[in-house]
Amino acid sequence: MTAVDVDPTPVEAPERTPVVLLDQVCRVFPTEPPVEALRSIDLRVDPSEYVAIIGPSGSGKSTLLNVLGLLDRPTSGRYLLDGIDTADLGDAARAAERGRRIGFVFQSFHLLSYRTVEENVGLSELYLGTNRKDRRRRATEALDRVGLSHRLGFEPIRLSGGERQRVAIARALLGEPSLLLCDEPTGNLDTANTESVLDLFDDLREQGLTILVITHDSEVAERAQRRVRMVDGQLTEVA
Amino acid sequence: MASIVRASRSRSGRAARRSARDSRAAARDAAAASRPRFRFADLVDETLAGVFARPARAALTTLGTVLGIASLVATLGISRTAGSQIVGRFDELAATQVTVAARTTGSGSAERAAALLPWDVESRIDRLNGVVASGAVAEVSNPGTVRTVPLRDPENVTERLVPVYASSVGLLDAVRGEISVGRWFDSGHVQRRDRVAVIGADVAAQFGIDRLDAQPGIFIGDELFTVIGILDAAARDEGLVSSIVVPYTSAQDRLQVSRPERVVIETDIGAAQLIAEQAPIALAPNGAEALKVTAPRDPTRTKNAVQDDVNQLFLLLGLISLVVGAIGIANVTLVTVMERTGEIGLRRALGASRRHIALQFLSESMAMGLVGGIIGATVGIITIVSVAGSRQWTPVLDLWLPLAAPLAGALVGLIAGLYPSIRAARMEPVDALRAGT
Ligand SMILES: Nc1ncnc2c1ncn2[C@@H]1O[C@H](COP(=O)(O)OP(=O)(O)O)[C@@H](O)[C@H]1O
Ligand SMILES: [Mg+2]
């Protein structure tokens, strides 16, 4: 403990750096007329939080997710990801940070039909430059984490919807991301499969992962500790 | 401090990873600078997977390149093979022979021209660049009958009329003569004016001479000569095999020969035209125009004139096929890019930069071009070999051709892939993800 006295920076300090910090973020699509998809959004997400974003269709949820995932740039405002000001990042640097810090889960899974389950998962570390052997090992581990280690060599077409989404989650987990971004992850799944995916999210959150889920489904939203509502490009905290 | 951080890492892996991430965040610029690169082995993997995802399409796409490269390789190879056959086989003997003779038109001038040819042609001609051998020859007029000494077989007719030639030492090599028994005469025999003779194999058979250790003699007319060799073959002058050849000095002494009638020269391949110009001057510096020179027409010039037209047609067809092949690859790659829009979005989401996306499609189109080039080169070489085989030619192949052909194919693929790759790289990840579901 004397070390803490000598150095004023507490060991826990990194824990308090928010994963996401949005400050007055706006996104205006320059259509005719312009669409203000995000209006002055303030949002802080701390490590290990599990946040659900709810709201009507067209309210700007996907736009928010795209901004958070560095797929889109805010028109104005500041976005700090893991304390990094993303405005400073160029196109290639954003791609690299995206690969390193963000895990995406899509409603439509986005698995490559011509690659095996294992290869699909390994794709996640392809652009991080890790070597093939490590990538395979970690892909196997990630598939183990989502309970699909028996499907390594399968083609995605032979999997059920729930299994496909779990493969996609394994892929998202691979680079040890800071943030898991899920846009309607259960939108294409039946009740049983939805349940298995939600259980998986619970496990992952317990392991310390930060999760942000967009959903229409109130049952899905109920599983998160925190809910925020998007209406007309504006964000409000739900009690 | 460091030890505490390390301790906390071991206590909670998650927290450690986060702190590691934050220290990375602090040194963000440094991290960005040392951004890991897309490995080459991975690029190869992704390329192969991408191409083999649609094998039939890839095969059809490479077809144009295969045709183009194959026709280019075959055209170049066959013309090379054919070209070297012309010089290499049936025309080789004629292509390397130059004959210089006295003009025979007009009675008076023939005498004068003949008087100009010297006997010592070897010393004048052999120093010319491109000459292999040379020799001068004159037929003995009215040598009389030829008899053997001693009489071998009284029952046989041993008196015959045989053509007799006087020659210089170099004639044997100049006509590509071969001695089977004994030897050809040398400059010593010439200088000593020895009465020696080399008889053709036909003459030897007629007189029953097969061994020379007893030094058989023959009478040419009334003059006795010692047989020192039997001439088995003379590729440029088959008649010598049925004749007798004696050194020109003894022929001058005994057989009333004065000057050579013609000079036979063997040249290197391709040197005949040059030697044909130089030889008369070397032989008769003051009367070269009175000499008649026989040289082969430039074989490469005449035959290539026909061949060049054919070659150019095929080369043009090959190039057109290549362009068509390139357009095919470009087209299919573009379709593939559009079909794989969702994949492009996904890869961008997984951390691929625009450059990575461009690289992937570029290397896929390049791989198709490369495979097309390899197959095309193979087909081309098979064509060369079978065409050569059907005409009993030796296939001749420039070594660079089978190496350059796949590279040319890859280049075609690379160029064809440029536009589709740029299109792929320009896609916005959000749009690509939304479009490709
Ligand atoms: N690329 C775009 N160009 C123009 N308008 C867009 C674009 N993307 C989304 N929008 C508009 O922004 C608003 C928010 O869209 P979105 O974020 O997809 O909503 P949600 O995901 O909540 O359904 C909508 O009005 C939509 O039409
Ligand atoms: Mg949406």
Label-to-label distance, nm, for residues given as A:Ile157 and B:Ile327 (7 Å Cα→Cβ offset): 3.3
What is the set of long-range amide H partners of A:Gly187 at a cut-off below 5 Å, with H atoms built 1.01 Å from backbone N? none
Charge dipole magnitude, Cβ of K and R +1, D and E -1 - chain A, Cα centre, debye nearest 20: 760
Relative contact order of the range A:20-238, defined on C-alpha pairs under 8 angstrom at six or more residues apart (%): 30
Take the Cβ-Cβ distance between B:Ser123 and B:Leu317 as r, set R0 to 60 Å, and report the resulting FRET efficiency rounded to the nearest 0.05. 0.65
Between the alpha-carbon centers of the range A:145-177 and the range B:169-216, tell me the distance in whole angstrom. 95
I want to make sure I understand the PRE zone here: with the label point 7 angstrom from the Cα of A:Thr75 toward its beta carbon, which residues in the range A:33-63 have backbone N atoms less than 14 Å away? A:33-41, A:60, A:63
Along the range A:70-77, Karplus-curve 3J(HN,Hα) (6.51, -1.76, 1.60; θ = phi - 60°) to the nearest Hz, with x for Gly and Pro, reads 6, 7, 9, 9, x, 6, 8, x
Using θ = phi - 60° and the Karplus relation 6.51 cos²θ - 1.76 cosθ + 1.60, list the HN-Hα couplings for the range A:215-230 in order, rounded to whole Hz, with x at every Gly or Pro. 7, 8, 7, 5, 5, 5, 4, 4, 6, 7, 6, 9, 10, 10, 10, 10
Just from its helices, what would the mean residue ellipticity at 222 nm be for chain A, if runs of 4 or more DSSP H residues each count -39500 (n - 2.57) and the sum is divided by every residue, rounded to the nearest 500 deg cm²/dmol? -10500 deg cm²/dmol
Using +1 at the C-beta of Lys and Arg and -1 at the C-beta of Asp and Glu, which of B:Ser180, B:Leu128, B:Ser141 has the Cα lying farthest in the positive direction of the dipole of the range B:126-260? B:Leu128
Grab the other residues whose beta carbon is less than 13 angstrom from that of A:Glu155, score K and R as +1, D and E as -1, and report the net. +1
Pairwise centroid distance, computed over Cα atoms, of the range A:181-215 with the range B:236-265, Å: 110
Taking 7 Å along the Cα-to-C-beta vector as the label spot, tell me the B:Leu60-B:Ile415 distance in nanometres, rounded to one decimal. 2.5
Choose one of B:Pro260, B:Leu224, B:Ala201: the residue whose Cα lies farthest towards the positive end of the charge dipole of the range B:126-260 (beta-carbon charges +1 Lys, Arg; -1 Asp, Glu; about the Cα centre). B:Pro260
Compute the FRET efficiency between A:Glu32 and A:Arg132 as 1/(1 + (r/R0)^6), taking r as their Cβ-Cβ distance and R0 = 35 Å, and round to the nearest 0.05. 0.10
Ranking B:Gly376, A:Ser108, B:Leu401 by how far each Cα lies towards the positive end of the charge dipole of the protein assembly as shown (+1 on Lys and Arg Cβ, -1 on Asp and Glu Cβ), the top one is A:Ser108
Using unit Cβ charges (K, R positive; D, E negative) and no other charged atoms, how large, in debye to the nearest 20, is the dipole of the range A:24-116 about its Cα centre? 240
Amide H contacts under 5 Å for A:Cys26, restricted to residues at least 5 apart in sequence or on another chain and with H modeled in the peptide plane, are A:Ser40, A:Ile41, A:Thr75, A:Ser76, A:Gly77
State, as an integer percentage, the relative contact order of the range B:126-260 based on alpha-carbon contacts under 8 Å between residues 6 or more apart. 33
Projected-area average for the range B:126-260 over all orientations - Cα convex hull basis, square nanometres: 7.9
Treating only the Cβ of Lys, Arg, Asp and Glu as charged (+1, +1, -1, -1), what charge dipole size does the protein assembly as shown show about its Cα centre? Round to the nearest 20 debye. 1480
Note: B:Asp213 to B:Gln252 extended length (0.36 nm per residue) minus current alpha-carbon separation gives 11.3 nm
Amide H contacts of A:Ile214 (H built 1.01 Å from N, under 5 Å, at least 5 apart or other chain): A:Ile53, A:Cys182, A:Asp183, A:Glu184
Go ahead and run the numbers for FRET between B:Asn142 and B:Ala205, Cβ-Cβ distance against an R0 of 30 Å, rounding to 0.05. 0.80
Could you check the spin-label model distance between A:Asp144 and A:Glu206? Points 7 Å from the Cα along Cα→Cβ, value in nm. 1.8
Table column - 3J(HN,Hα) (Hz), the range A:113-119, Karplus curve with 6.51, -1.76, 1.60, x for Gly and Pro: 5, 9, 10, 6, 3, 4, 5
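Every number in this text was worked out from the coordinates using simple rules, so none of it is lab data. A quick note: this is a predicted structure, and the numbers were derived from the prediction, not measured. Positions of Cβ are generated from backbone atoms using ideal geometry, with glycine treated the same way; all protein chains shown enter the neighbour counts.
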